[in-house]
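Engineer: Once you've had a glance at the structure underneath, I'll fire off some questions.
Where a number appears in this text, it was derived from the coordinates with a stated rule and is not lab data. The structure displayed is predicted, hence computed values, not measured ones. Cβ: placed from backbone, ideal geometry, glycine included. Neighbour counts: every protein chain shown.
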Amino acid sequence: MKAELQGIKAEAEDELRRIGSPDELETLRVKYLGRKGILSELLAKIPSLPAEQRPEMGRLLNELKKDITSRYEGAKTALLDMQRPKAVGPVQDVTLPGRRPPLGHKHPLIQTIEDIKDIFADMGFQVAFGPEVELEFYNFEALNIPLDHPSRDDFDTFYLKDDVLLRSQTSTVQIRIMEKQRPPIRIIAPGKVFRPDTVDATHSFMFHQIEGLMVEEGVTFGHLKGVLALFAQAYFGPDTRMRFRPSFFPFTEPSAEVEISCSLCKGKGCSTCGSGWMEILGAGMVDPNVFKAVGYDAEKYTGFAFGMGVERIAMLKYGIDDIRLFFENDMRFLSQF
Amino acid sequence: MKVSYCWLKEYCDFDLSAQELADTLTDAGFVVEEVNPLQDDYCLDVEVTSNRPDCLGVLGIAREVAAITRSKLRLPEVDYKAGKAPVDFKIHVEDSELCPHYTARVIRGVKIGPSPSWLQKHLEAVGLRPINNVVDITNFVLLESGQPLHAFDMDKLTDKKIVVRRAVKGEAIKTIDGTRCDLTPETLVIADGVRPVAIAGVMGGVDTEVTEATKNILLESARFMPSTVRRAAKRFTLSTDSSYRFERGVDPEGVDWASRRAARLIQELAGGEVARDVIDIGSGKIKKHVVTLTMSRLNAVLGAQIEPATAKDILSRLGFEVKAAGKEGFSVTVPGFRGDVSREIDLIEEVARIYGYNNIPTDTRLSIQVRPRGRYEQVEGKAREILVGWGLTEVITYSIVDDTQHQRFGAFSNAQALTIRNPIRKGEDRLRQTLMGNLLKVKKHNQDRDVPWVKVFELSRIYLPTAGPEKLPDEKTSLCLLWEEEGVIPERAFYALKGIVEGMFSALGLSGHQQWQGYSGESFDQKMSCRVELDGKLLGVLGELKKEIVAEFDLNSAPILAEIDFDAVVERADLTTAFRKLPLYPSAVRDMAVVVDEQVSWADIEKCIAESGLQYLESVEFFDLYRGKQIPSGKKSLAFRLYFRAPDRTLRGEEANEMHKLVEERLGSALGAVLR
């Protein structure tokens, strides 16, 4: 009989939980608590029990009745609440804006450098740095750009003293690293460079470059193409096509200018790119004279180097039309990145 | 270089439209910037890189086109009919190092007049103004062959002689463009018996130029040392068609060829008799470079499988003499006009260039190499993430600054700033020694555009002069921060930025003892500025600007600035993480508020508590500073929380109370602190 009571209890609780209307509630009340309800029937059975069980069962039955009654009352109140018209009090407006913690922004040039760096890091390239104020030797002679040579015309330079200057290219880092390290070398060197150009929408006397250098036994021009193609597809998108055209840099031979298909028009030609192709970097196989300057055996090792302008790449990537925006530091510009 | 499409066709039959020709040249490394249509011709603007002076003549370009399109190259006629008259003219080359080869031809009885229309049209097509037949011919041959020529009016040359020598100090020349140039021995000149008549390789003098009245001509064709011509052209800012070519080096074998070509044309178009003798001093002969090319090397550098026959064919078409040498190599003789080729790698480039870079297979099979990120990169990256996460925006400003204020901020150097000799704007010639001035300008720039409350940082180099023998300055990476916030309590911003700096130090695991103390930098408000030292060495400064500086920069609020020696941060950062076991027993926490004299600092209190040697004191946490009602003037109330914890059991309340009492007594006796 004890087990029977527990069953009734569970069943009643369950049914009360699922009440949806006052009629259902009333039906339940009659079923359990009515004059001919389940509990009354059980109560009526008590006298027929053995005498020693009667007090115990009476107590249990009473408890059960109390329990079901109280649940019944609860269900009744809930039903009434549901039917009453809603009270108009303070209502939480969830459409109000949340309180955002302030978040700063990385400079777009730094983001560009980091993105490029990460791609090359995946290919085993390590970041290297060199001084911005540099000896003339590292900026020119060691890079196979002799004094009084027209090839210097492409590298107008700020001078501090006769042989001290602001580097006009990050290729200086190639020499600095190769002087200290033996192959295999895979480095990527981001940094500031300076050229005495009058500032306008496409020129700046200070800008950023990323230099890459890989020197190992058996490195080929084909590897140069491979590494750059992997980079271009990772950075500009998997459909990016690339083409190489001969060029001249004193520190590489063969030298190449590298173009990618325009990411805006997919190579069809638009107002940004003109021909459908955009020049993004210069590259080539390290010139044996450069190896000679750092004491590498040019017969044993080959290598390639490349250099790209960070501003140019950021401008292409984000569609920025004025290089000066990078250095004005207008918060309305910086907060877009 | 400007190239006429029709002119080019005179030397080479190619079946390309002007645009196709432009694309072909571009693909071979001669970028065509523009194709301009003319009346019945096109003018191509071709970019010739500084290693290819041979292509500074139409013939050179024609040679390339012929090689690429496999068509035949036609060289023009250079034979002329020499007269009987001898040459009564002396030429003396004093400096044969600067002028290794000098030739002169004498042509008597010419008739100066306008050039025929075909010649005028050729010159006009590439933007040159026709002058008279003789001058036009020298220009024509220069543009055709790349070899500059000069025609003198022979009768105006004193003493019937030419001397190639260095100028003497005090000499001057008026060049044909009307410029007066004062000469020094640094400059090589062509002189007659008494005076300079031309700056060698750059420009002739006005006194001896060919005019309508000229009858007899001395035709100069020579080779000058590139660096001499370059220096002269720079010195007198006279970059001419002639100097441009000499600077890059002319073909030693082309000197006499061009002279003959011009003599023939003069005879044909201006009449006159070319003298029997030619004055030829020095030599047009050079030792020809013979370079060995091995196919294995070629394919090893390029990562390609080019056939020997293909390589041979390409080089032959470009004018190289190719003979088989050894098993799979070639012995290649370099023609005089290819002064840029002297090594095997130069030949490899030639083959690759014409073979087509885009035909070399792309190879992505690289060995795997994994290298840990460098320490600097790691620390910098983390610092940047932290600062951006806390709401600061990164800026990049110019390294070159003006000389107005910035020097006064420098925490790391008071020395005279390094200067640039050739600035682009006068006054903007200093290398910065601090980033602070630049950040104030960023604040001002934004203020002027109604962008309020700037919170920025820059992580860049500053350039500190060194006293030692090093030629290069000490390039320090500086972290500079500028913080301002709405509200009237300046301390708020001060402690906000200080908290950011301290928090960053702690996140970067900075090792060593940090000590913050008062700072009286020239530009800082003394009441609210401080410096921080790391084990006794200056790590940075932080504080509010003086009112005068705020006014000087025309700022509408006084921001808090900080500048940190980031190299020191990198050096002392520790990004390794060591796990510590979590405590097994709860801590007992007791708050305390004490009233102390204004002079007593929080650091004094911290130190005093630390020195009290309480075994179970885990940490002390400041939480409030109060001045005002109930606190006597000249005093302040500091409130803080003490955490006690034993590693092996739960502390009893009485124990914590005892320690709390001890701290109170200790602060009372050492610092005169009274419990509030």
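Engineer: Could you line up A:ILE46, B:ILE605 from fewest to most neighbouring Cβ atoms inside 10 Å?
Structural biologist: The most exposed by this proxy come first: A:ILE46, B:ILE605.
Engineer: So what is log10(I(q)/I(0)) for region A:228-270 at q = 0.27, 0.28, 0.32 1/Å, when the Debye sum runs over its Cα atoms only?
Structural biologist: -0.90, -0.92, -1.04
Engineer: Can I ask one more? Between exposed GluC sites (Glu not before Pro) in chain A, where DSSP calls loop and at most 16 other Cβ atoms lie within 10 Å, what's the longest gap?
Structural biologist: The longest uninterrupted stretch comes out as A:53-216.
Engineer: Would you mind computing, in nm to one decimal, how far apart the modelled labels at B:GLN369 and B:LYS323 are, each placed 7 Å from Cα along Cα→Cβ?
Structural biologist: Once both label points are built, they end up 4.2 nm from each other.
Engineer: Let me ask something else. Note down the Stokes-Einstein diffusion coefficient of region A:183-337 in µm²/s, whole number, using a Kirkwood radius over alpha carbon pairs, 20 °C, and 1.002 mPa s.
Structural biologist: 126 µm²/s
Engineer: To continue, here is another question. Report Rg/Rh for region B:456-556, rounded to two decimals, where Rg is the Cα radius of gyration and Rh the Kirkwood radius.
Structural biologist: Here the Rg-to-Rh quotient is 1.00.
Engineer: Once the Cα atoms of helix B:308-317 and of chain B are each reduced to a long axis, what angle between those two axes, in degrees from 0 to 90 to the nearest 10, is obtained?
Structural biologist: Between the helix axis and the principal axis of chain B, the angle is about 60 degrees.
Engineer: Another question about this same structure. Can you sort A:LYS36, B:LYS455 from fewest to most other Cβ atoms within 10 Å of each residue's own Cβ?
Structural biologist: Neighbour counts put them in this order, fewest first: A:LYS36, B:LYS455.
Engineer: If you don't mind, there's one more thing I want to ask. Can you check what the Kirkwood hydrodynamic radius comes to for region B:290-356, Cα pairs only, in Å to one decimal?
Structural biologist: 11.6 Å
Engineer: Let me know the Rg and Dmax you get for region B:588-675 when you use only its Cα atoms, in Å.
Structural biologist: Every Cα atom of region B:588-675 included, Rg and Dmax give 13.3, 45 Å.
Engineer: Moving on to the next point. Alpha carbons only, please: Rg and Dmax for chain B, in angstrom.
Structural biologist: 39.9, 130
Engineer: Rounding to the nearest 20 debye, state how big the charge dipole of region B:211-262 is about its Cα centre with +1 on each Lys and Arg Cβ and -1 on each Asp and Glu Cβ.
Structural biologist: 240 debye
Engineer: Charges on Cβ only, +1 for Lys and Arg, -1 for Asp and Glu, centred on the Cα centroid of the protein assembly as shown; of B:SER637, A:LEU325, B:THR237, which one is farthest towards the dipole's positive end?
Structural biologist: B:SER637
Engineer: For region A:2-83, what D do you get in µm² per second when you plug the Kirkwood radius from alpha-carbon pairs into Stokes-Einstein at 25 °C and 0.890 mPa s?
Structural biologist: Rounded, D is 182 µm²/s.
Engineer: Mind pulling the angle between the C-alpha long axis of helix B:375-389 and the longest principal axis of chain B? Nearest 10 degrees, somewhere in 0 to 90.
Structural biologist: Tilt relative to chain B: about 60 degrees.
Engineer: Enumerate the lysines that B:LYS323 could reach by cross-link, defined here as Cα to Cα under 25 Å, with residues fewer than 8 away along the same chain left out.
Structural biologist: Partners within reach: B:LYS72, B:LYS285, B:LYS287, B:LYS288, B:LYS312.
Engineer: A follow-up question, please. What nm value, rounded to one decimal, do you get for the distance between B:LYS426 and A:VAL30 when each label is placed 7 Å out toward the C-beta?
Structural biologist: 10.9 nm
Engineer: Another one. Which number do you get for Rg(Cα) / (2.2 N^0.38 Å) in region B:359-448?
Structural biologist: Rg over 2.2 N^0.38 Å, computed on Cα atoms: 1.67.
Engineer: Pull up the cross-link candidates among the lysines for B:LYS426, meaning alpha carbon to alpha carbon under 30 Å and not fewer than 8 places away within one chain.
Structural biologist: Those lysines meeting the cut-off are A:LYS161, A:LYS192, B:LYS234, B:LYS441, B:LYS443, B:LYS444, B:LYS471, B:LYS476, B:LYS546, B:LYS547.
Engineer: Where Rh is the Kirkwood radius over the Cα pairs of region A:188-269, the temperature 4 °C and the viscosity 1.567 mPa s, what D in µm²/s does Stokes-Einstein return?
Structural biologist: Translational diffusion coefficient: 86 µm²/s.
Engineer: Report the Rg/Rh value for region B:375-572, based on alpha-carbon coordinates and the Kirkwood definition of Rh.
Structural biologist: Value, to two decimals: 0.95.
Engineer: Taking the Cα atoms only, what angle lies between the long axis of helix B:18-27 and the longest principal axis of chain B, rounded to 10 degrees?
Structural biologist: Result, in degrees: 60.
Engineer: Under the Kirkwood approximation applied to all pairs of distinct alpha-carbon atoms, what is the hydrodynamic radius of region A:121-189 in Å?
Structural biologist: 12.9 Å
Engineer: Provide Rg and Dmax in Å for region B:238-320, with only Cα atoms included in the calculation.
Structural biologist: 20.2, 59
Engineer: Can you give the Rg to Rh ratio of region B:86-213, both from alpha-carbon atoms, with Rh computed by the Kirkwood formula?
Structural biologist: Ratio of gyration radius to Kirkwood radius for region B:86-213: 0.97.
Engineer: Once the dipole of chain B is set up with Lys and Arg at +1 and Asp and Glu at -1 on Cβ about the Cα centre, which of B:VAL106, B:VAL454, B:VAL46 lies farthest towards its positive end?
Structural biologist: Most positive-ward Cα: B:VAL106.
Engineer: For region B:1-77, count all C-alpha to C-alpha pairs, find those more than 15 Å apart, and express that count as a whole percent of the total.
Structural biologist: Summing the P(r) tail past 15 Å for region B:1-77 gives 49 percent.
Engineer: Something else about it: So, counting K/R as plus one and D/E as minus one, what does the shell of residues with Cβ under 12 Å around B:GLU377 add up to?
Structural biologist: Result for the neighbourhood of B:GLU377: +3.
Engineer: As a footprinting exposure proxy, order B:TYR80, B:TYR616 by other Cβ within 10 Å, with the fewest listed first.
Structural biologist: B:TYR616, B:TYR80
Engineer: I'd like to know how chain A sits against the 2.2 N^0.38 Å rule of thumb: what's its Cα Rg over that expected value?
Structural biologist: Compactness ratio reported: 2.02.
Engineer: I would also like to ask the following. How big is region B:301-425 along each principal axis, measuring the range of its Cα positions in Å and listing the largest first?
Structural biologist: For region B:301-425, the Cα spread along each principal axis is 71, 43, 23 Å.
Engineer: Right, next: Could you compute the net charge surrounding A:GLN6? Neighbours are other residues with a C-beta less than 12 Å from the C-beta of A:GLN6; K and R count +1, D and E count -1.
Structural biologist: -3
Engineer: Just how large is the dipole of region A:222-337 about the Cα centre, in debye to the nearest 20, putting +1 at every Lys and Arg Cβ and -1 at every Asp and Glu Cβ?
Structural biologist: 360 debye
Engineer: Right, another one. Below 22 Å, Cα to Cα, which lysines can A:LYS2 reach? Residues fewer than 8 away in the same chain don't count.
Structural biologist: Straight-line reach from A:LYS2, under 22 Å: A:LYS31, A:LYS36, A:LYS45, A:LYS65, A:LYS66.
Engineer: Of all the C-alpha pairs in region B:553-592, what % are more than 10 Å from each other?
Structural biologist: Summing the P(r) tail past 10 Å for region B:553-592 gives 84 percent.
Engineer: Percent of alpha carbon pairs in the protein assembly as shown separated by more than 48 Å?
Structural biologist: Everything past 48 Å amounts to 50 percent.
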